[in-house]
């Protein structure tokens, strides 16, 4: 993406996929006339997820809120991403290591490292978890979801205004609205 090599292969975490599914799940956001960030991701690169992420998506989909609707949207697009077990890959542990993250993030990091993905897509961009994710990745770069959307604008796949609208639409549903990181990204689009 912007200033870096293009993302051709990505392993995505549950939270990132739910965030990208929010615009389509939000009745107040028109994905017919505005970009759909989940569709952009699934059509711009090869996306893989571990089985634990699919399990977490099924759990979230049971809720009757925007997160449940977003998870349902991601599950409906399952033909556009592959599910790979990190513990069936070469040179991965036989069981989940304790690295201080949730199971989906841990499995996603292991899978990203094992398949040598270009990036690991996550909503972790603040606090201690960002450092834990960054430290656990051995080759793939960490790609925070708001950064991905802003990079789509910087790389000309959507306008800066469209990216701002997407991030602004997702923010209140994903607790991004008070994030200094997100604020800085939005300012760079101005």
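Read-outs throughout are calculated quantities, based only on the coordinates presented, and are distinct from any laboratory measurement. None of these values were measured; they are calculated from a predicted model. Note that each Cβ is placed from the backbone with ideal geometry, even for glycine, and that neighbours are counted across all protein chains shown.
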Check: PRE reach from residue 30 (point 7 Å along Cα→Cβ): which of the range 132-159 fall under 16 Å by backbone N?
Finding: none
Check: For helix 145-154, what angle does its Cα long axis make with the longest principal axis of the chain, in degrees from 0 to 90 and rounded to 10?
Finding: 50 degrees
Checklist line | Rounded tilt (10° steps) of 160-174 against the dominant C-alpha axis of the chain | finding: 60 degrees
Next item on the list: Quick one: P(r) of the chain from all Cα-Cα pairs, 5 Å bins, percents rounded to integers, in order of increasing distance.
Entry: 1, 8, 17, 21, 22, 17, 9, 3, 1, 0
Check: Most exposed first by the Cβ proxy, i.e. fewest other Cβ within 10 Å, how do 38, 137 rank?
Finding: 137, 38
Note to self: Between 0 and 90 degrees, rounded to the nearest ten: what's the tilt of helix 180-189 against the longest Cα principal axis of the chain?
What the structure shows: 50 degrees
Next item on the list: Under 1.5 on a/c is rounded, so check that first for the range 144-190, then, if it is not, pick prolate when a/b is larger than b/c and oblate when it is not; a ≥ b ≥ c are the square roots of the alpha carbon gyration tensor eigenvalues.
Entry: prolate
Check: Based on the Cβ-Cβ distance of residue 134 and residue 87, what FRET efficiency does E = 1/(1 + (r/R0)^6) give at R0 = 22 Å, to the nearest 0.05?
Finding: 0.45
Item checked: Calculated FRET efficiency for the pair residue 168/residue 80, C-beta based, R₀ 30 Å, to 0.05 -> 0.70
